[in-house]
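Accompanying notes for the structure given below.
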Amino acid sequence: MKLGRTLLFCFLFALVVWIAIYRMRVESQLQMVSPDEVNRNVLLSEQDTIGRIEILDRVRKTEIILNKENGRWFLEAPVRYPAEARVAEGLAITARMASRQPRLRGEKEWEEYGLARPDVEVRIDVPKKKAETLFIGSPAPFGNAVFARWDSERGYLLLPGEMKDVFGQGVYSFREKRVFRTPTPEIKMIYVEMGAQSYQWKKDGGQWYWMEPLAKFGRKISAKNMDRVLTALQNLYVKKFLDDNNRSRAELGFFIIHDRIKIEPDFGRQEIFHFGNEVPLESAYYGFREDEETVFLIDRGKVIALIELLKRVEKDDGDRPAEEKDGATKEPAPSAATPSPL
């Protein structure tokens, strides 16, 4: 038994050493590749604000279009929906990096590099500039690199394979998946209606207070418990978008009276999320945002965890001021009208 373990350890050690040597050799090969004097027509600087990105992926057979409107990214195709800003900006950063790579003189036909009919085409639009298209083709014979070229240039370039992966993501990756998008510091009121239970909190002067249930009306809620609630709401994400849904809202469980969560910011539009029927096969619930038409699925485990959290917070006596525990008169409630359903 010990001999077998020793042999296995020696084999694994030798494998690790071989991989390390191989990577060092590949990296040295990459460093030895020196660019020829090929003219560059494309150079995207930090001052070049990319306003539109079109991705044609022949492997996935998809076409994705992202457009920047008034500082916000939106997915234009295959569906119209807010885009995840970090992912969209990641595409823009990757395009800038690709424009700075050394150009190499092609010694073969573009078919040999996979660039005659590339796997991925990325069109980059910068306002007041000519649109440029990046072709991404076959893997290079050494290292984790792929061949690429800009359509307006005669030379080609080598890009890390991860760059191709960035542009080759599916539609879901580009969509905004947060159910609630209001930054936490800007939230001033939260209302949750789940079955027979209703919860409401209001921020006044930087302090959060209970509005519902009425038994807790006007009491402070501890910062610790409120942070838990806010974190749970910020961690609600779309599990799956149902763009092809043809069923009515009523069929999906969205009735006049149903479960919902409402968030009001200090400024701007409120966010209202509606819960629908459970979908056992997906371990999820139907849901939609009131300001958007798209119906989606939200993870059942996240919903159950939220319900359990709200029950714990309600039972937690740590949110009661010391003077209340001693039987003293409680602090005056914040100025607010008697809470009412949405």
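Only the coordinates and a few stated rules stand behind these numbers; no lab work does. None of these values were measured; they are calculated from a predicted model. Heads up, the Cβs are rebuilt from the backbone with ideal geometry, glycines too, and the neighbour counts pull from every protein chain shown.
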Multiply the residue gap between residue 79 and residue 181 by 0.36 nm, knock off their C-alpha separation, and tell me the result in nm, one decimal place.
34.8 nm
Please find the FRET efficiency linking residue 294 to residue 162, where r is the Cβ-Cβ separation and R0 is fixed at 45 Å, and quote it to the nearest 0.05.
0.90
Dipole magnitude of the range 136-268 about its Cα centre (Cβ charges: Lys, Arg +1; Asp, Glu -1), debye to nearest 20:
440 debye
Just give me a number: lysine pairs in the range 52-174, eight or more positions apart or cross-chain, with C-alpha atoms less than 20 Å apart.
4
Would you mind getting me the FRET efficiency between residue 144 and residue 49? Use the beta-carbon distance for r and R0 = 30 Å, nearest 0.05.
0.50
So who's got an amide H within less than 5 Å of the one on residue 253, skipping anything under 5 residues away but keeping other chains? H placed 1.01 Å off N, in plane.
277
Inter-site label distance for residue 107 and residue 267 at 7 Å from Cα along Cβ, in nm
6.1 nm
Please report, in debye to the nearest 20, how large the charge dipole of the range 184-325 is about its Cα centre when each Lys and Arg carries +1 at its beta carbon and each Asp and Glu carries -1 there.
460 debye
Two-site label geometry, residue 196 and residue 72: point separation in nm, points 7 Å out along Cα→Cβ
4.0 nm
For the range 52-174, what D do you get in µm² per second when you plug the Kirkwood radius from alpha-carbon pairs into Stokes-Einstein at 4 °C and 1.567 mPa s?
88 µm²/s
Residue 128 versus residue 250, label points 7 Å from Cα toward the beta carbon: distance in nm?
5.5 nm
